[in-house]
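The structure appears below as structure tokens.
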Number of protein chains: 4
Amino acid sequence: MIIQLKKNISPEQIFVIRTELDKHKYSASDVNTQKNSYLVAIGKAEIDIRRIGSLPGVADIHRVSDDYKLVSRKWKTEYSEIDFGDNVKISASALSIMAGPCSIEGEELIVKTVEHLKSNNIRFMRGGVFKPRSSPYAFRGVGIDGLKLFAKHCHAAGIKVVTEVMQTSQIDDMYQYVDMFQVGARNSQNYNLLDALGKVDKPILLKRGLSGTVEELLFSAEYIFSGGNEKIALCERGIRTYEKSYRNVLDINAIPFLKDKSHLPVILDPSHAVGIRKYVDSVALAGVMAGADGIIFEMHDQPEIAFSDGQQSLNFPESKKLYAQLRAAFELRKSF
Amino acid sequence: MIIQLKKNISPEQIFVIRTELDKHKYSASDVNTQKNSYLVAIGKAEIDIRRIGSLPGVADIHRVSDDYKLVSRKWKTEYSEIDFGDNVKISASALSIMAGPCSIEGEELIVKTVEHLKSNNIRFMRGGVFKPRSSPYAFRGVGIDGLKLFAKHCHAAGIKVVTEVMQTSQIDDMYQYVDMFQVGARNSQNYNLLDALGKVDKPILLKRGLSGTVEELLFSAEYIFSGGNEKIALCERGIRTYEKSYRNVLDINAIPFLKDKSHLPVILDPSHAVGIRKYVDSVALAGVMAGADGIIFEMHDQPEIAFSDGQQSLNFPESKKLYAQLRAAFELRKSF
Amino acid sequence: MIIQLKKNISPEQIFVIRTELDKHKYSASDVNTQKNSYLVAIGKAEIDIRRIGSLPGVADIHRVSDDYKLVSRKWKTEYSEIDFGDNVKISASALSIMAGPCSIEGEELIVKTVEHLKSNNIRFMRGGVFKPRSSPYAFRGVGIDGLKLFAKHCHAAGIKVVTEVMQTSQIDDMYQYVDMFQVGARNSQNYNLLDALGKVDKPILLKRGLSGTVEELLFSAEYIFSGGNEKIALCERGIRTYEKSYRNVLDINAIPFLKDKSHLPVILDPSHAVGIRKYVDSVALAGVMAGADGIIFEMHDQPEIAFSDGQQSLNFPESKKLYAQLRAAFELRKSF
Amino acid sequence: MIIQLKKNISPEQIFVIRTELDKHKYSASDVNTQKNSYLVAIGKAEIDIRRIGSLPGVADIHRVSDDYKLVSRKWKTEYSEIDFGDNVKISASALSIMAGPCSIEGEELIVKTVEHLKSNNIRFMRGGVFKPRSSPYAFRGVGIDGLKLFAKHCHAAGIKVVTEVMQTSQIDDMYQYVDMFQVGARNSQNYNLLDALGKVDKPILLKRGLSGTVEELLFSAEYIFSGGNEKIALCERGIRTYEKSYRNVLDINAIPFLKDKSHLPVILDPSHAVGIRKYVDSVALAGVMAGADGIIFEMHDQPEIAFSDGQQSLNFPESKKLYAQLRAAFELRKSF
């Protein structure tokens, strides 16, 4: 049960609500986000929610039968938007496109990428500065100095910075440069990191785990939301299966499922989901047609010399062509 | 290596070619399909194919580095079409839609379905008369008498009959009523059945195994083709993974992969791939956008009382709406 | 519900029982095996089984809550044995070991293998004469003539022949030479083949599907049993997962699970389950310790030149060492 | 390539070695563990390792063809031991058994468990005080105060404390109470945590990821080792597959594989690997027979009222019986 509280609720009124919940052996968690205050109450008894709904200080009340609560569409049927200012939004009413290299490399690549994005009216640039790598001896990213350069050029062009955060201790240093913190697949159930991002007032792009279920993805989002941050986008990026002809298997079913179960926006990463350049466009288009609110893909000026993931990166002309196709597919979908 | 032979090649000419192949320790299989004759030669030595290509009786010659040969696009770059007569084709230039109940039930349902299909200009009806069931005590289908009724009404309306064949011994009895034999997921590597279908001159809809790889699907197609039957459509129908929120995981990557590697048409079955009615349209549209040449889905006049698979069947009005959307998506895709 | 019938039950008595079941809307299937007659009744109503149990002609009655019935241990708690005559049994009280090449090759290999088995007191020889192969161009086995040689030498030495049957039409030709028909992983849900093997009075070694669940394995066994053949051994042979460091993943959990849920004997195939020679002994021993009633593994006089699966075959000295270890492990397990 | 350095190597000598490596375009990482100093050099050129091996200051040199280096058995063929003092070791020569509740609950349970362990000569107690939970509303463990009680009673009885650490910031607070830090499955690729544990001088129990490959497990161990901590045990705990009859699938193949590829000890967690109490003993015994150096399992005085994982916990009498069986199986295995 989600009990949305009035802005001006008094401590005494909260006490009355909690006492009533106690009576029915419901445990209640306080949730204070940047937007609202809630009590999330969990219990087994049959309970007349109208009675609690009529208590002073209660703005609204919803029964939510899903195991996840705040991210469920059972209590919030209209889709959430994430507002980045500058007329940049992630929402169900316009397609968000995010592109950029797997790893930030040097300033020249940043500048070229920003120019390309700007000239194509793309408002998000992705790029990793801290890279999770299987081997401890592999390149682990350019770090915070690279991020500063990345942010400088993006912000000068009105482009939002999307980059991965790998641990709690990085958040503060990254904060002023980042517009959207990405949680990578390997950290999708790093609950301490999710808790910490719940305290941040910037949007989160939450990737599904390597073999995460869609339910686990929603639970991870619930961590961030119940920690205080409502600005979350869910990201399908392919799952690990027995099939080895491509890097992962894009779980296209996840898109209508997540749009049905949650009010959060859903972004598709076709690059990791298939991992082979020549198939990226087809599966990205499929994602839009299945209902995705955005696409994040890997792009590089010269994929053949990229520090990482060149084999799944599109070059600029390929990307330009794809933007137009994605936008046309989105318009068609909206018309249905 | 695929050596396509001239129609009028003499036994002596074949002998010369085989002798040349023997010299390089290549083993050669004769393949005579309804359309052409080939030698499929497999070996390891470096060999000058122009030399063999210039031998009398050789129409064409291709090196094919894939492990599957005749179904590969390496030797036949233009896409194959399957012609059913009556202006009905499966091809890359027009979207094929196949709909109908999971199981054929009674004549009334057949008649209603045929009327619905005809009024929507759909030229294929699917429906099972022999049903593979996990439990030996479950309903196993209406059998050959049901097939006769099914065929009677379809053929009167110019609609093609698509139905599953489960074993070699059924082929003869089914032959005159069926326009396209479906090989189900559980029989995708039933090599004796595939061999037998190679001898049939009617088209085959070959489903991917429950956990089959895309390579195994191509190998299974190679069985049919090398057995003599070129009229094969490949069917993605979802794979088995750890994710249990839906029946299967639609492997959307398979669609551009199969269209890239093989000249055979690719059909998507969204019904089994997701297994939940309300998501069928989204994933079907995704499949078209990813490049599928056709869609086969489950439809029932009253899904709630269907003998089987009602939870994933669309009703007639839902189907009608989907046809229009699929056709619009196909047109958009073709325009790219 | 399983209603075991008396040998001398009259048609009238069966009619009375069926009438009673009809009254409660239970559907009943007749099952006549080589040993017994049963009615397997399936329905939803609460029903007093004592009332049916007291009807004339009923030998015994059992409520079975599992979806599979006759193979369940819910009605038959003691473990079934399979008796091959000549003091050869598959049972829970002695470890059955089966060894031999993946493919039967020539007479010399048969003779050497039989000698080796005989000198080590192994009573089963495995070997394929019909081979399911992904590629239609690969070696498909020596066929029925090879089987004749295989059987001749085994039977002269008191050794039982275990070999794969791939389709219904092979059963008659193979029948007189085979002591145990193996159903391969790719045919684990080939229901027509299972039906046909239900009519055969020789034991069946039923392999789990490539990605079959343990429930599906039990259902496939139910097909054979309800078809009339009670002599079935279940075979775990590894499942398909994302892990690619070995051929398959041996699902060791399946062994105690199957022994708990079913009265049928359980055999482990460690060769396919791991696929790498040097690990075969460790996982075979693990299987015995987990409760397997038998082990079937691939062995070859000269694995390095085997026609197929040499990389997972043990040679004779390795096998000899393994027999002793398996027997010691089995004795220890029995002592617990 | 692993270049083990002499204890008294001079900076000048290191410079000479690095210069030589540079010449061949090898990149070299310094690794200083609590035991030794190494250079791990990675490159592609053919190189005469004897030349580098003869340079002053080099103690030993090994070519390691695996992608992981320091954890490979290619350079260290004898198995590593982890010494906890007090005659407690994890090693290949004696079976290590670790038991205890999933979650530490109250002092009474700790005391009872310690008594039980002591009377059975078990030297490790497991128990979680920080619990990773899918839902943010679930019980997250008793925290550091619980750990203090846990450690007090264990240490008084000469029993070692094994418990999970979830994030870098917990390490310092936990350090004095913990004898072995467990990295849970969800953190198996949390590289920042692995880096931090490389700086700790206490042993690490590293669990395989939910869907981690065995190679990824070895890479994660390489992070810890190259960070400076050689005291690592690898833990197989079941993997995520399509099979839903048990919690996970125990990958028994992983045990001989890891013992073959790495010199690190291998521990099996049968409780999570199967997740059903009555099968835990069978699969634990299988693990020992396959070559595991230790078993860690969940045990509770009253499993039916455990805070978490009661359905897979053994009670004390069941555990006592299992200890004897595990030890007997280990002795048998050693005798082979």
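For D:Leu314, what residues show an amide H to amide H distance below 5 Å, using hydrogens built from the backbone and excluding near sequence neighbours? Long-range HN contacts for D:Leu314: D:Glu298, D:Met299, D:His300. With the alpha-carbon atoms of chain A aligned to their principal axes, the span from lowest to highest coordinate is 65, 42, 39 Å, starting with the largest.
Converting phi to 3J(HN,Hα) with the Karplus coefficients 6.51, -1.76 and 1.60 and the offset θ = phi - 60°, segment B:195-201 yields 4, 5, 6, x, 8, 8, 9 Hz in sequence order, with x at every glycine or proline. Using only alpha carbons, segment D:2-62 has a radius of gyration to Kirkwood radius ratio (Rg to Rh) of 0.92.
Mean projected area of the convex hull spanned by the Cα atoms of segment B:151-263, taken over all viewing directions: 7.9 nm². Which whole DSSP H helices in chain D pass both tests: a Cα extent of 15 Å or more along the axis and a mean Kyte-Doolittle value no lower than -1.0? Helix filter hits for chain D: D:11-23, D:107-119, D:143-156, D:214-227, D:277-290, D:316-335. Placing a pseudo-label 7 Å from each Cα along the Cα-to-Cβ vector at D:Glu331 and A:Gln34 gives an inter-label distance of 6.6 nm.
Summary value for chain B: 16 percent relative contact order, contacts being C-alpha pairs under 8 angstrom separated by 6+ residues. Using every pair of separate Cα atoms, the Kirkwood estimate puts the hydrodynamic radius of segment B:255-297 at 10.5 angstrom.
Collect residues whose amide H, placed 1.01 Å from N in the peptide plane, falls under 5 Å from the amide H of D:Gln182; neighbours closer than 5 in sequence don't count. Amide H neighbours of D:Gln182: D:Thr163, D:Glu164, D:Val165, D:Leu205.
Sorted from closest to farthest, the other copies place their D:Asp67 label points 2.0, 3.2, 3.8 nm away, with each point set 7 Å from Cα along Cα→Cβ. Note that the protein assembly as shown carries a Kirkwood radius of 33.9 Å, evaluated over its alpha carbons pair by pair.
For D:Ser37, the residues whose amide H sits under 5 Å from its own are D:Leu5, ignoring neighbours fewer than 5 places away on the same chain, with H placed 1.01 Å from N.
Compare B:Leu55, B:Leu258, B:Leu147 in a GNM of chain B, Cα atoms joined below 10 Å, and give the one with the largest fluctuation. Taking springs between Cα atoms under 10 Å, the residue moving most is B:Leu55. Working note: Karplus 6.51/-1.76/1.60 with θ = phi - 60° gives segment D:293-304 the couplings 8, x, 10, 10, 9, 8, 9, 8, 4, 9, x, 5 Hz, where Gly and Pro are set to x. For chain D, modelled as a GNM whose springs connect Cα atoms under 10 angstrom apart, the maximal fluctuation among D:Ile232, D:Ile276, D:Ile224 occurs at D:Ile276.
Along its three principal directions, the equivalent ellipsoid of segment D:226-336 from the Cα gyration tensor extends over semi-axes of 24, 17, 14 Å, largest first. Ordering A:Ser282, C:Ser135 by the number of other Cβ atoms within 10 Å of each residue's own Cβ, fewest first, gives C:Ser135, A:Ser282. Largest GNM mean-square fluctuation across A:Thr33, A:Thr163, A:Thr19, computed for chain A with C-alpha springs under 10 Å, falls on A:Thr19.
Between copies, the label points at D:Lys278 (set 7 angstrom from Cα along Cα-to-Cβ) are spaced 3.8, 4.0, 5.5 nm, reported in nanometres from shortest to longest. Legend: translational diffusion of segment A:24-106 by Stokes-Einstein, Rh = Kirkwood radius over C-alpha pairs, 4 °C, 1.567 mPa s; D = 79 µm²/s. Put in line by how crowded their Cβ is, counting other Cβ atoms within 10 Å and starting with the fewest, C:Glu46, D:Glu107 read C:Glu46, D:Glu107. Pairs from the list B:Lys261/D:Lys244; C:Lys148/C:Lys202; B:Lys259/D:Lys244; C:Lys35/C:Lys76 with a Cα-Cα gap above 22 Å: B:Lys261/D:Lys244; B:Lys259/D:Lys244. With R₀ set to 51 Å, the beta-carbon distance separating A:Lys320 from C:Leu55 gives a calculated FRET efficiency near 0.05.
Our note on the geometry: Cα centres of segment B:306-336 and segment A:103-124, 39 Å apart. Shape class for segment A:87-214, computed from the alpha carbon gyration tensor (a ≥ b ≥ c): oblate, with a/c not under 1.5 and a/b at or below b/c. Restricting to chain A, compute how many DSSP beta bridges are antiparallel as a %, nearest 5. If I count the DSSP bridges inside chain A, around 40 percent turn out antiparallel. Distance to the D-onto-A rotation axis is smallest for one chain D Cβ; residue and value in angstrom are D:Ser211, 2. Going from the residue with the fewest nearby Cβ atoms within 10 Å to the one with the most, A:Leu149, B:Leu194, B:Leu95 rank A:Leu149, B:Leu95, B:Leu194. Quick one: pull the percentage of alpha-carbon pairs in segment D:285-336 with a separation above 13 Å. I get 59 percent for the Cα pairs in segment D:285-336 exceeding 13 Å. Note on segment A:19-164: Cα-Cα pairs beyond 22 Å make up 59% of the total pair count. Label point of D:Ser54 (7 Å along Cα→beta-carbon): distances to the other copies' equivalent points are 5.7, 9.6, 9.9 nm, sorted ascending.
Since every read-out is calculated from the coordinates, none of them should be taken as a lab result. The structure displayed is predicted, hence computed values, not measured ones. Please note: Cβ atoms are built from the backbone with ideal geometry, for glycine as well, and neighbour counts cover all protein chains shown.
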